[in-house]
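What follows is a set of notes on a single structure, which appears directly below.
The values are calculated or read from the model by the stated rules, or taken from the named source; none is laboratory data. Just so you know, these numbers come straight off a predicted model, no measurement behind them. Cβ placement follows ideal geometry from the backbone for every residue including glycine, while neighbour counts extend to all protein chains displayed. Note: accessible area is taken over every heavy atom of the protein model, side chains too, but ligands, DNA and RNA are not part of it. Shrake-Rupley method; radii C 1.70, N 1.55, O 1.52, S 1.80 Å.
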Amino acid sequence: MAGPILLVRKRQLVQRWTEDYSLTGTNHAVTALAPRGIDSTMRAIAADPNSYVLAGTAALRVHLPVHDSALTPLSVLTVIVEDAHRATEALRLRATRRGANVVLIEPFDDLIRWNTIEHDGLAYTSPAQTVADLLTGPGRDPEEAAQLINKLAHEDAEWQ
């Protein structure tokens, strides 16, 4: 039976999506070290904002209200890029498998760039993409996803 869509259960939809998707498993991920720190890398990204989209914990901070803080400090910067090798050079990063504080993501398609949010001249993944990325991330990322889901549910009944 066909008909109009009357209700979208966004929380369940994203949870189902992440059964088949993970940020670093579905996309090509390259880990790197920013020897001058994440703040220096953020300044370099700000100098060329059209080439990068910030994701993960960095995006979470943009989607939370100003008076809310993320559960964890920003210790790993996740950046969506077209070409990880070029981004490594442009951002003056060092490729590494251990001790990385930057993860460069080459997406398998452009969906990850849909509905990005601009804040202070930088692009961030959409709230739904940020939730999906955090749900599939390491450490406390799933707890941060829950924090963002709760915030979204407070504003939009379809996230409840």
Considering only residues that are among the charged types (D, E, K, R) and over 14 Å from T125 (Cβ atoms), look in region 47-70 and name the one that is surrounded by the most Cβ atoms within 10 Å (Cβ to Cβ).
-> D68
So which residues in region 24-38 are in a loop (DSSP other than H, G, I, E, B) and on the phi < 0 side of the Ramachandran plot?
-> N27, A34, P35, R36
Residue selected from region 81-125 under the condition in a helix (DSSP H, G or I) and among the β-branched types (V, I, T), by the criterion modelled with the lowest pLDDT | I112
In region 89-118, what residues are farther than 10 Å from T31 by Cβ and of a type in the set (V, I, T)?
-> I105, I112, T116, I117
Of everything in region 11-46 that's touching a Pro at 6+ places or on another chain (Cβ under 9 Å) and open to solvent by 50 Å² or more (accessible area, probe 1.4 Å), which residue is farthest from E82 (Cα to Cα)?
-> T24
Selected residue [out of contact with any Cys (no Cβ under 9 Å at 6 or more places or on another chain), touching a residue at least 24 places away in the same chain (Cβ under 8 Å), among the hydroxyl-bearing types (S, T, Y) and assigned to a helix (DSSP H, G or I)] from T78, T41 | T41
Some residue of region 130-144 being modelled with pLDDT under 95, part of a loop (DSSP other than H, G, I, E, B), closer than 17 Å to M42 by Cβ and among the small types (G, A, S) = no
How many residues does region 51-75 contain that are free of Cβ contacts under 8 Å to residues at least 40 places away in the same chain and in a helix (DSSP H, G or I)?
-> 2
Kindly provide the set of residues from region 105-133 that are farther than 16 Å from R16 by Cβ, within 14 Å of the chain's Cα centre (by Cα) and either of a type in the set (A, V, I, L, M, F, W, C) or surrounded by 21 or more Cβ atoms within 10 Å (Cβ to Cβ) (or both), ordered by number.
-> I105, I112, W114, I117, L122, A123, Y124, T125, P127, T130
Look at P142 and say whether it is open to solvent by 20 Å² or more (accessible area, probe 1.4 Å), farther than 18 Å from G37 by Cα and touching a helix residue (DSSP H, G or I) at 6+ places or on another chain (Cβ under 6 Å).
-> yes
